[in-house]
Amino acid sequence: MENNPWKTLKSEQVYESGWIKVVKHDCLNPANKPAIYSVVNFKNLAIGIVPLDEHNNTWLVGQWRYPMNSYSWEIPEGGGPLGTDPLEAAKRELKEETGIIAQELTEIMHLHLSNSATDETAIVYVARNLSFENSEPEESEVLQVKKVHINEAFEMVNTGQITDAISVAAIMKVWISLNWK
């Protein structure tokens, strides 16, 4: 059954910032009973990049994540405004966070990051044929960059050292594509 069982009666925007807006929907649920469903709409695509060199080393970015109140190791990630080229956003984020410039970027997946409460979508790329310059982090970022083999990144996922959803999915997909041919 792929038809929408929800009926929206009224929608009202209750909050907006530069990154998100929150919309409250008065609706009828699948049992045809009154319900309220609030949705966080994102103004950017989430962009993730797994840079890989010729030896299958990759680069992880460590930073403090305010909403989680904890430190997080992740693949290079950022946002691309809706309606802009996500490939260009991927190039920008990779250079900004790591100083890496890739001659080849290949899209490997689309993700819905928390589809019970948001419309946030992610696009993930693998970056190859890498060259290196200085990184250019945003003023709100204090980043640590480290080079690890993809096997080590995979182990960090398996041991819970990497928990960011985009990073987990991307590292697992890349590791599987390299090791299960």
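Coordinate-derived values only; no laboratory data. These numbers come from a predicted model, not from an experiment. Here Cβ is always computed from backbone atoms with ideal geometry, including for glycine, and neighbour counts include all displayed protein chains.
Values computed for the structure shown
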quantity	calculated
DSSP-defined beta bridges in the chain - what % are antiparallel, rounded to 5	85
Which label in (i) 12.9; (ii) 14.3; (iii) 11.1 gives the computed mean projected area of the Cα convex hull in nm²	(i)
Helix 86-98 vs. the chain, principal-axis angle (Cα, 0 to 90°, nearest 10)	50
For the stretch 150-181 and the stretch 1-55, distance of Cα centres in Å	27
Pairwise Lys count, the chain - Cα closer than 26 Å, eight or more residues apart or different chains	24
Two-site label geometry, residue 29 and residue 172: point separation in nm, points 7 Å out along Cα→Cβ	2.9
